[in-house]
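Peer 1: Quick one: this structure, given as structure tokens, is what I'll be asking you about.
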Amino acid sequence: LEDQKECQGVNISNNSPLVVGCNRSPGGCTEPFNTSIDEVSVYNRAISIDEVRRDCRRNHPNPTSCPDPKEPIILAPTPNQILPPTRIFWNWRGEKDPDGGLVYPDQGYKVDFSTDDNLANGLFEPTLNARYTTISENQSELENHHVESYSISPDWGYRLRIRPVEDGLILNSYSNIRDFRTDDSVVAWWNFYEGTGSIAGDVVGGYDGQLINFGGVGWSDGLIDLGAFTDRSLNFDGNDDFVDVSHDPLLVPANLTLEAWVNPTRLDGCNGESCGILNKSSGGNGYRLAINQSGTISFGFGDGVTGEANTASATLENGTDTWTHLAATHNGSIGALFQNGGFESSATAPLRDSMGNPNLQIGRDYPTGYFNGIIDEVRIYNRAMDGLDLCNSYLSSCHSAQEEVALACDLSCIPD
């Protein structure tokens, strides 16, 4: 796999004739192909990576240049993907046979990675004298994923390398690598690691929040436990608890992503209103992420002039007493809602900061829609992440949490 793009709702149908060997334009055939072409096929479905590899070996005049069945297939991150410097999910597998079973189900892999802390030229160049950091010497096919949390820094390049291991020997000729990088897009990240006190610290931008009406209680076990960093979360009572973060225009960037894990206790206990998750709105302006009493998730946003103009919505899949990952994005004109890594819906309207410069509030929807349940891992980014980026973020947290809570991770957002 060389590259892939996520296309939501794209229609490629047209009435143009199929042309082989040149780039067709209104002026005729341009940029003619100047060598041989053979075995051209068009399918009425998207064929899999496994089929592409098998077709290559079957039809290529030099099949040794095609991937061997033992060469691992890296599914995540995608080629040259740009991810936020939080946690990153890596996923791979072996080639599948025509029936969908693994060709080598008992295959083990050595997994390691290298870093580049200077991407000035935009290309991956391992740091001088850098060594690969080994994740696993022989990781089984049944444990074909890893979440990297400790070696992630902003604006770094990464090279993931996976090699099959057989009888204690590394099969270097069947190695596969994947280059990707991080950016510096995290504006604020409230992970609630404090576990005590009246302040919810922002570990990135310094936008610390004040716990309002918690009365010394509210801290709860968190979603994720990372060794020495035992995670905590906030348990909101649905009556008057919320976290108050002072206004700053940087909390409403021109391009935006909101992200949170929620575990609602009940949906009818928010004073008869929508249960607020993230809210920086006033009189319908700005943005808000909430769940109403019927279990509808809503991402509302406005332009700061005409009021809240549109809402992207979806039904809460997991219900109450279960963790759900929610994310909302806005790219300057379109707002989109995601749940457990998957796209749900979108709406078109501009987004600007709220009238009156209201504070950002976690766990409250204006005016008295207080969330009843647990919220964790709240983040704001200054870019509109796409579905593949949010899929990676969802799975990195979900798989980190599996040892702490009974949580099933949905891998369907990763193209297979």
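Each reported figure results from applying straightforward, stated rules to the coordinates on display, with no laboratory input. This is a predicted model, so every value here is computed, not measured. So basically every Cβ, Gly included, is an ideal-geometry build from the backbone, and we count neighbours across all protein chains shown.
Peer 1: For Leu171, Leu278, Leu75, which order do you get if you count the other beta carbons within 10 Å of each Cβ and list the fewest first?
Peer 2: Ascending number of Cβ neighbours within 10 Å: Leu171, Leu75, Leu278.
Peer 1: What size of dipole, in debye to the nearest 20, comes out for the chain about its Cα centre when the only charges are +1 on Lys and Arg C-beta atoms and -1 on Asp and Glu C-beta atoms?
Peer 2: The dipole magnitude comes to about 880 debye.
Peer 1: Exactly which chymotrypsin sites (Phe, Trp or Tyr not before Pro) in segment 141-188 are in a DSSP loop and have at most 12 other Cβ atoms within 10 Å?
Peer 2: Listed in order of number, the matching sites are Tyr150.
Peer 1: In the chain, if the dipole is taken from +1 on Lys/Arg beta carbons and -1 on Asp/Glu beta carbons about the Cα centre, which of Trp92, Val243, Ile291 is farthest to the positive end?
Peer 2: Trp92
Peer 1: Write out the chymotrypsin sites (Phe, Trp or Tyr not before Pro) in segment 36-120 meeting two conditions: DSSP loop, and at most 14 other Cβ atoms within 10 Å of their Cβ.
Peer 2: When the chymotrypsin sites (Phe, Trp or Tyr not before Pro) of segment 36-120 are filtered for loop state and at most 14 Cβ neighbours within 10 Å, Tyr43 remain.
Peer 1: Treat segment 279-404 as a sphere of radius equal to its Kirkwood radius over Cα pairs and apply Stokes-Einstein at 25 °C in a medium of 0.890 mPa s; give the translational diffusion coefficient in µm²/s, rounded to a whole number.
Peer 2: This corresponds to a translational diffusion coefficient of 163 µm²/s.
Peer 1: Among Asp106, Asp365, Asp179, which one shows the biggest mean-square fluctuation in a GNM of the chain, springs joining Cα atoms closer than 10 Å?
Peer 2: Result for the chain, Cα springs under 10 Å: Asp106 fluctuates most.
Peer 1: Name the residues whose placed amide hydrogens come within less than 5 Å of the amide hydrogen of Arg352, ignoring near sequence neighbours (fewer than 5 apart) on the same chain.
Peer 2: Those lying under 5 Å, H to H, from Arg352 are Gly286, Gly302, Asp303, Gly304.
Peer 1: Using a 10 angstrom Cβ neighbour count of at most 10 plus a DSSP loop assignment to flag exposed trypsin sites (Lys or Arg not before Pro), which longest range of the chain is free of such sites?
Peer 2: So the longest stretch without any such site is 132-416.
Peer 1: Based solely on its DSSP helices, what 222 nm [θ] is calculated for the chain when runs of n ≥ 4 H residues each add -39,500 (n - 2.57) and the sum is averaged over all residues, nearest 500 deg cm²/dmol?
Peer 2: -2000 deg cm²/dmol
Peer 1: Could I ask something else about it? Segment 364-416: percent of C-alpha pairs farther apart than 17 Å?
Peer 2: 55 percent
Peer 1: Here's something else I'd like to know. Taking just the C-alpha trace of segment 33-134, give me its Rg and Dmax in Å.
Peer 2: 17.8, 49
Peer 1: Grab the chain and count how many Lys pairs have their alpha-carbon atoms under 27 Å apart, sequence gap of 8 or more, or different chains.
Peer 2: Summing the qualifying lysine pairs gives 5.
Peer 1: Cα axis of helix 49-59 to longest principal axis of the chain: angle in degrees, 0 to 90, nearest 10?
Peer 2: Here the helix axis deviates by roughly 10 degrees.
Peer 1: Fewest to most neighbouring Cβ within 10 Å: what's the order for Ser282, Ser294, Ser397?
Peer 2: Lowest to highest Cβ neighbour count: Ser294, Ser282, Ser397.
Peer 1: Suppose we flag GluC sites (Glu not before Pro) only when DSSP calls them loop and at most 10 other Cβ atoms lie within 10 Å. Which is the longest uninterrupted stretch of the chain?
Peer 2: The longest uninterrupted stretch comes out as 40-402.
Peer 1: Among Gly356, Gly218, Gly286, which one shows the biggest mean-square fluctuation in a GNM of the chain, springs joining Cα atoms closer than 10 Å?
Peer 2: Looking only at Gly356, Gly218, Gly286, the largest GNM fluctuation is found for Gly356.
Peer 1: To test your reading of the geometry: what angle, between 0 and 90 degrees and rounded to tens, separates the Cα axis of helix 387-401 from the longest principal axis of the chain?
Peer 2: Its long axis makes an angle of about 70 degrees.
Peer 1: Give me the percent relative contact order of segment 324-408, please, defined on Cα pairs under 8 angstrom at least 6 residues apart.
Peer 2: 26 percent
Peer 1: Next question. What number, in nm² with one decimal, is the all-direction average of the projected area of the convex hull of the alpha-carbon atoms of the chain?
Peer 2: It is 24.7 nm².
Peer 1: Using only alpha carbon pairs under 8 Å that are at least six residues apart, calculate the relative contact order of the chain and give it in whole percent.
Peer 2: Result for the chain is 15 percent.
Peer 1: Would you mind ranking Cys275, Cys409 by Cβ crowding within 10 Å, fewest neighbours first?
Peer 2: Lowest to highest Cβ neighbour count: Cys409, Cys275.
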